[in-house]
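To start, the structure itself, in structure tokens.
Nothing in this text is a laboratory measurement; each read-out follows from the coordinates by a stated rule. Computed from a prediction, not measured in an experiment: that's the story for all the values here.
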Amino acid sequence: MTMKGVILVAGEGTRLRPLTYTLPKPLIPVMGKPLIVRSIENLKDSVINDFYVVVSYLGFLFKQTLHDGSELGVKIKYVEQGERLGIAHAIHRAIENGANDELLVYLGDNYFGEDVNRFVKEFKEGNYDVYMVLTKHRDPTRFGNAIINDNKIVKLVEKPKEPIPNSYVITGIYMFRDPDDVEKAFKTLKPSLRGEYEITDLIQWFIDNNYRVGYTITNSWWKDTGTPQDILDLVYLMPYHFT
């Protein structure tokens, strides 16, 4: 089965204002190239050539930058997320618009020091229904957390108030084997207190219903570019990605 890439770029990037008043966060240049272009090039190296880019805020700028993807040697289809109702909803919108193969979902403001080839290989070889990339972070309360017990993910918690023992931060890569199962899970969800359909709730459905939910821990650095300091950190780290 061919794997499709789903890149989520609908957010407003409020913590990066005033930069993001006129430029979406994934289009901010990092070492002379928009972050999303670097991400697509990285994913292309993992033999992903078809992408669904889920847009909303200033979405036309992505189309002006990436066009149909041919300049990068890939195919790009744009999906509108009219209401920004969370990551799970964005994945649902991509599936509604034709993303009907194995899916690698990638948050467009993330970047990994490690190539994603290993992640994709382990997902396929393990025949997992869902697969996540985890890491440790100095402030786990900023992110979703995965609680591990006996080398299995037993529970996901979205932005806990305090650090949780035996847990890892969930990074911005998620893989799904069967979009029909994703839709089945999505139909059971209700919006969280912040009004979003949470990715942690979506994957928790797979855990609770005894699907094969696997994970790996990245061997390198990972950046979620939510703040100006994160951008500066990425500029510092990026050269090490190409050594």
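Summary table below
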{"read-out": "Radius of gyration and Dmax over the Cα atoms of region 3-241, both given in Å", "value": "16.6, 48"}
{"read-out": "Residue-span extension gain [residue 220 to residue 125] - 0.36 nm each, minus C-alpha spacing", "value": "32.1 nm"}
{"read-out": "Reachable lysines from residue 187, criterion Cα separation under 28 angstrom, eight or more residues apart if same chain", "value": "4, 77, 124, 152, 155, 159, 161"}
{"read-out": "The chain, helix-only ellipticity at 222 nm - DSSP H runs n ≥ 4, -39,500 (n - 2.57), divided by all residues, nearest 500", "value": "-8500 deg cm²/dmol"}
